[in-house]
Structures are given as structure tokens and as C-alpha cells.
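Visitor: Questions regarding the structure given below will be posed in turn.
The values are calculated or read from the model by the stated rules, or taken from the named source; none is laboratory data. Computed from a predicted model, the values in this text were never measured in an experiment. Note that we place each Cβ from the backbone using ideal geometry, even for glycine, and neighbour counts take in every protein chain shown. We work out accessible area using only protein heavy atoms, side chains counted, and drop any ligands, DNA or RNA first. Shrake-Rupley method; radii C 1.70, N 1.55, O 1.52, S 1.80 Å.
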Amino acid sequence: MLLGVCSINYKVFGNGDKLIVFLHGFGGGFESFAEIAQMLSDRYKCMLISFFEEEPQEPLTIFDYYEYVKKVIENEKVSEIIVVGHSFGGRIGIKLAANNNCDKLVLVDSAGLKPKRGLKYWYKVYLYKIRKKLKLNVDNFGSSDYKTLSPVMKKTFINIVNYYQNKEIEKITIPTLIYWGEEDKETPLEFAKTFNKKIKNSRLVVIEKCGHFSYLQSKSTFFNCLRSFCG
């Protein structure tokens, strides 16, 4: 249980004295990293965490998810903990690494940085607030994914995306692999370059012709990079 308000599931399989923890993106699940984890289970102990199988009873924050993962992994008797986080999962990975809760970090098309917003974006925000204040229809505002969420998950989503970790990444000193799709539109390549610049002990791998799910679009390359990095 996560602070008594949400059930989160995880499973562990494989052998080895090193643990690889896979943290998926918002809306994902076990299946996101299942194939890669299975391929690595001959050498490593692998943990797959699924965050959103059940809806929380109340809105959550990134701190809630972080505390859950921290509690789960600190009970594992291993020599090394490697955290692999995609998108939303990367946010949790950053917090774990910044607080010395793991030994290595892999950020895959990770979220967590404050994006640069253009004039068009702020105009939409202004228009939305005006229409809401006037009690006019705002159904056409927001992404299609956001519109399908329940009220509790909408608040959870807002709590997560409005938490920026620009300062937090400067605290990370552990070895970090940054794996990125060159054509990522959700978390643009400039994010990867910022991570690489601010995280001292980091290495950036950019995959051509891949987007936000670069690890799925280049499975063999991702597997080889991950296996080499984990040691």
C-alpha cells in the first residue's frame, strides 16, 4: 500500500547480486519493460513496478511514488541498485538518485525539467483561465489523454507535471546513462542535453529516428547499452 491511499504492484525475478528497477511512464505498466527485464534476468535480479493498475483514493504527488519505491528497494539484499526510469519513471529515478537511494541511474526520455513555453502556450493558458472564470465551456482545452482521466487522476497528473527537478539533478553524483530518442516530441532532446550537462558523471546516447519510446523502438541497442552500463 502507498501511504494507505493506493495499491501499487511489483514483481521481482531473475538472479544476481545486482538489482535493476524498472519504472515506467505515466499510463504504462508491467509490460513496458517486461521483455528487456526478461532478457537481463539471466545475470541480474529485475524488479518491475506498475504504478497505475488501481486508482488512488486521493490525489498523489511525486513524493508519494518516491517513498513507495524507496521502501520497496531498500528491503532488497543486493550489492548494487540500478534504477531505469522512462518519462514519469525518470522523475522518480531522479529523486532516488539525488537522495542517494541507488547506485546507478538510467534516464530514458525522462521528464522532470521545466519546459520552455512559447507565446502560443501561454495564450491558451490565459484563455482557459478566462473561460473557466466566466463559467464557459473548457472541454476543448487540454490533451486528449488528460481529458480521459478521472478527477483524482487529473489532480495527480497536475501534481506530477508541475513538479520541476532542475535543481535536484545537480545533486546527482552517481554514474548516469541518458538514453534518448532524437525525434522525441514529449520530452525534447534539449532535456537530454541539460541532464548531460548538469549531471556530472553522465553519458548521453542519442538514438536516430526514434521518439519518446526510444527503448522500445531500438530494443537491441537499448539492451546492449543497459547491459554494458550495469556491468
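Visitor: Of everything in the range 191-208 that's touching a Pro at 6+ places or on another chain (Cβ under 9 Å) and either farther than 23 Å from Ile20 by Cβ or not charged (D, E, K, R) (or both), which residue is most open to solvent (accessible area, probe 1.4 Å)?
Guide: Checking each candidate, the answer is Asn201.
Visitor: Looking at (1) out of contact with any Lys or Arg (no Cβ under 9 Å at 6 or more places or on another chain); (2) farther than 19 Å from His86 by Cβ; (3) modelled with pLDDT under 90; (4) not small (Gly, Ala, Ser), which one does Asn15 not meet, given that it meets all the others?
Guide: (1)
Visitor: Do the conditions hold for Phe229, that is, is it under 19 Å from Gly89 (Cα atoms), at pLDDT 95 or above and aromatic (Phe, Trp, Tyr)?
Guide: Judged against the criteria, Phe229 is a match.
Visitor: Residues that are at pLDDT below 95, within 29 Å of Glu182 (Cα to Cα) and not small (Gly, Ala, Ser): which helices (runs of 4 or more DSSP H) entirely in the range 73-163 hold 3 or more of them?
Guide: Per the criteria, 119-133, 144-147, 151-161.
This table checks each residue for (1) among the basic types (Lys, Arg); (2) surrounded by fewer than 20 Cβ atoms within 10 Å (Cβ to Cβ); (3) farther than 18 Å from Phe223 by Cβ.
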| residue | (1), (2), (3) |
| --- | --- |
| Asn15 | no, yes, no |
| Leu23 | no, no, no |
| Gly29 | no, yes, yes |
| Leu48 | no, no, no |
| Phe52 | no, yes, yes |
| Leu60 | no, no, yes |
| Tyr65 | no, no, yes |
| Val78 | no, yes, yes |
| Asp103 | no, yes, yes |
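Visitor: Looking at (1) open to solvent by 80 Å² or more (accessible area, probe 1.4 Å); (2) over 24 Å from Ile81 (Cα atoms); (3) in a loop (DSSP other than H, G, I, E, B), which is the one condition that is false for Gly211?
Guide: (1)
Visitor: In addition: Return only the number of the condition from (1) at pLDDT below 90; (2) touching a Gly at 6+ places or on another chain (Cβ under 8 Å); (3) among the charged types (D, E, K, R) that Glu183 does not satisfy.
Guide: Only one criterion in (1) at pLDDT below 90; (2) touching a Gly at 6+ places or on another chain (Cβ under 8 Å); (3) among the charged types (D, E, K, R) is unmet by Glu183, namely (1).
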